[in-house]
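S.K.: This is the structure, below, for whatever I ask next.
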Amino acid sequence: MTNSDQKTSFDRDGYVVLDRALNPGEVDKLLEEAVRICRGERGDISGALPPGAGDTDDEVLRKFLCVHYPHKLSALMLATMRHPAIVSALTSVIGPNVKAMQSMLFIKSEGEPGQAWHQDELFIPTRDRSLTAAWIALDDATVTNGCLWVLPGSHRRGVLYPNREHDDPRYDCTVESYGFPFRDSDAVPVEVPAGSVVVFNGYLLHKSLPNTAEHGFRRALVNHYMSAESLLPWATPPEGTGMAQADFRDVVLVAGEDPYAYKGFEDVRKPRIRPNRDGGCDR
């Protein structure tokens with residue numbers, strides 16, 4: 001698929017699939033690195049339990065649902081944030097200047113929950129609607145093991161729909177979006193082989209279901225990007241600074257130039273785990 005075709009598909013549907021953008025060797029290295037991260041060999045992860053002395057790699061992984069900010073622990077995860085195939089697609093759909101602000105390493109072993117319908121821009125606001133995710137499949141993602149589901153075209157209006165807490169055991173504690181003019185029957189499962197990347201718009205409604213396989217993982221590395229021209233009002237600004245000037249600077253430039261580089265960069269967010277529903281949700 002050419003960059004032009006990628007842009008057409010992205011604009012129309014809100015997402016595009018980069019089939020096997022990462023080769024098997026690259027995927028294997030990321031899987032090995034995921035084990036090192038979960039074993040604590042790459043640094044501290046807030047909320048993580050230490051591995052047992054005799055835990056196998058699979059037993060260690062099953063203690064995690066998601067690790068936030070693995071790129072701050074691993075040079076390999078940081079390099080993957082700048083993977084040429086992904087950056088090529090990003091510059092096609094966003095523009096020549098692109099920065100990243102978040103990474104998430106999803107483990108999701110058998111029985112672990114998914115996430116309810118949501119829009120990423122609800123959590124990471126941009127000034128220009130440029131938020132874009134790159135969802136990298138580290139295992140074959142199927143309906144059985146909890147692949148992404150999307151509502152094609154739900155990004156086009158640029159509307160952030162209301163959200164609410166829920167008690168649906170299929171999903172983790174993240175809030176769910178509701179009140180949108182789409183039905184579950186409009187949803188499309190995005191089944192992709194390992195190494196493929198789903199690039200999707202921050203306004204696209206998407207969800208995932210639990211891993212119902214008898215055994216195995218649905219691992220994915222997810223990075224979030226946006227136009228470097230846009231400010232990132234992702235945190236309360238310092239006193240005396242209005243929200244219109246708020247600009248979170250814990251970012252990584254992955255393509256082109258950053259017109260706000262004169263502000264410098266910060267290291268604010270720290271690696272942490274995402275809680276699943278064990279023990280309920282802290283509300």
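S.K.: Give the shape of the range 129-191 as rounded, prolate or oblate, defined through the alpha-carbon gyration tensor: a ≥ b ≥ c are the square roots of its eigenvalues, a/c under 1.5 means rounded, and otherwise the shape is prolate if a/b is larger than b/c and oblate if not.
M.R.: Numbers: a/c = 1.58, a/b = 1.21, b/c = 1.31.
Oblate, because a/c is 1.5 or more while a/b does not exceed b/c.
S.K.: Under the definition of Cα pairs under 8 Å and six or more residues apart, what whole-number percent is the relative contact order of the chain?
M.R.: On the way: 630 pairs, mean separation 85.7, N = 283.
Worked out over the chain, it gives 30 percent.
S.K.: Follow-up. Quick one: grab the alpha carbon gyration tensor of the range 202-259, order the square roots of its eigenvalues as a ≥ b ≥ c, and give me rounded if a/c is under 1.5, else prolate or oblate depending on whether a/b is larger than b/c. Walk me through the intermediate numbers first.
M.R.: Numbers: a/c = 3.14, a/b = 2.18, b/c = 1.44.
Prolate, since a/c reaches 1.5 and a/b exceeds b/c.
S.K.: Moving on. Using only the Cα atoms of the range 1-137, build the gyration tensor, take square roots of its eigenvalues as a ≥ b ≥ c, and label the shape rounded, prolate or oblate: rounded if a/c is under 1.5, else prolate if a/b is larger than b/c, else oblate. Show your work: numbers first, answer last.
M.R.: Numbers: a/c = 2.05, a/b = 1.78, b/c = 1.15.
It is prolate, given that a/c is not under 1.5 and a/b is the larger ratio.
S.K.: Got a sec? How would 67, 35, 60 order by Cβ neighbour count within 10 Å, fewest to most?
M.R.: Lowest count first: 35, 60, 67.
S.K.: Cα to Cα, under 16 Å, and not fewer than 8 places away if on the same chain: which lysines meet these conditions relative to residue 63?
M.R.: 108
S.K.: Using all alpha carbons of the chain, what is the percent of pairwise distances in each 10 Å bin, ordered from the shortest bin to the longest?
M.R.: Pair shares across the bins are 6, 29, 38, 22, 4, 0.
S.K.: Here is a follow-up. Expressed as a whole number of Å, what is the distance separating the alpha-carbon centroids of the range 179-231 and the range 54-82?
M.R.: 19 Å
S.K.: Grab the eigenvalues of the alpha-carbon gyration tensor for the range 153-283, scale each by 5, take roots, and send me the semi-axes largest first in whole angstrom. List each step's numbers first, then the result.
M.R.: Working: eigenvalues 187, 75, 71 Å².
Each semi-axis is √(5λ); the values are 31, 19, 19 Å.
S.K.: Amide H to amide H under 5 Å from residue 148: which residues, 5+ apart in sequence or cross-chain, H placed 1.01 Å off N in plane?
M.R.: 190
S.K.: Here is a further query. Give me 26, 257 ranked fewest to most by other Cβ atoms within 10 Å of their Cβ, as a rough exposure proxy. Intermediate values should be presented prior to the final figure.
M.R.: Working: 26 18, 257 11.
The order, fewest Cβ neighbours first, is 257, 26.
S.K.: Please list, in chain and number order, the residues 5+ apart from residue 65 or on another chain whose amide H is under 5 Å from its amide H, with Hs placed from the backbone.
M.R.: Answer set, sorted by chain and number: 274.
S.K.: With θ set to phi - 60° and the Karplus curve 6.51 cos²θ - 1.76 cosθ + 1.60, what are the ³J(HN,Hα) couplings of the range 9-19 in order, to the nearest whole Hz, using x for Gly and Pro?
M.R.: 5, 5, 5, 6, 9, x, 7, 8, 9, 9, 5
Throughout, read-outs are computed from the coordinates displayed, never taken from laboratory work. If you're wondering where the values come from, they're calculated on a predicted model, not measured in any experiment. Positions of Cβ are backbone-derived with ideal geometry, glycine not excepted, and every protein chain shown enters the neighbour counts.
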